[in-house]
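J.: Structure in structure tokens, see below.
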Amino acid sequence: MISRIATSSLTLVFTIVLCMAGLVAPAMAAWPIVSSGSQFVLAQAMVPPTGMNDATKPMPMDERMQKRFPQPVRVGDLIGLPVLDENASTLGYVRQVVRNKEGKINLIVSYSRWWGWFGHPVAVPLEVVGIEGRQLASLDMSGDDYEDADTWQPDGEATLPADAMIRIALART
């Protein structure tokens, strides 16, 4: 007897709620929108700079890096970080950071197609990578470029000390 009363009460409440929702929804649609006078503009936090993906007018690597908001980072914090490709596959790990004879900074990455294991060292220009958390993204150098790159041999480059500060671009994925 009690369960029958509870069931009929629940049915009645459910029916009332559905009827109210049916009556309230059209009424709410007719309500005027109150504005406080301020406008909200939605914007993407990091809009890709124009010209970076334009194949007809390639942008120099230095200029690309500057448009990616380079941030200061300690060289010692880069050692051991994985370098990932566009598919988030590990290309290799940073072994050292050097400055070549022209004054450009290169990351020495132990590249291997087997997740960076048993790799050979490849000099990667700092301008082609971006940092995202505790990993680096290879933004302007594909896995094929790593494959085709010569094995790096020290040739008068100066290894940067672990406490040296350099600027590295932010990766936007």
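J.: Ranking request for peptides 120-130, 97-107: highest mean number of other beta-carbon atoms within 10 Å first, then the rest in descending order.
T.: The packing order, highest mean first, is 120-130, 97-107.
J.: Per residue and in cubic angstrom, what volume does the convex hull of the Cα atoms of region 74-135 have?
T.: 82 Å³
J.: Now for a separate question. Would you please give the FRET efficiency between Asp155 and Arg113, computed as 1/(1 + (r/R0)^6) with r the Cβ-Cβ distance and R0 = 30 Å, to the nearest 0.05?
T.: 0.75
J.: Same structure, new question: Restrict the search to region 69-140; then list the chymotrypsin sites (Phe, Trp or Tyr not before Pro) that DSSP places in a loop and that have at most 13 other Cβ atoms within 10 Å of their Cβ.
T.: For chymotrypsin sites (Phe, Trp or Tyr not before Pro) across region 69-140 that sit outside H, G, I, E and B with at most 13 neighbouring Cβ atoms in 10 Å, the list reads Trp114, Trp115, Trp117, Phe118.
J.: Counting only other residues whose beta carbon sits under 12 Å from that of Arg74, what net charge do I get with K and R as +1, D and E as -1?
T.: Summing Lys and Arg as +1 and Asp and Glu as -1 gives -1.
J.: Using the basic label-point model (7 angstrom from Cα toward the beta carbon), what is the Val73 to Leu170 distance in nanometres?
T.: Placing both labels 7 Å beyond Cα along the Cβ direction yields 1.3 nm.
Coordinate-derived values only; no laboratory data. Just so we're clear, the structure is a prediction, and the values are computed from it rather than from any experiment. Neighbour counts are summed over all protein chains in view; Cβ atoms, including those assigned to glycine, are modelled from backbone coordinates with ideal geometry.
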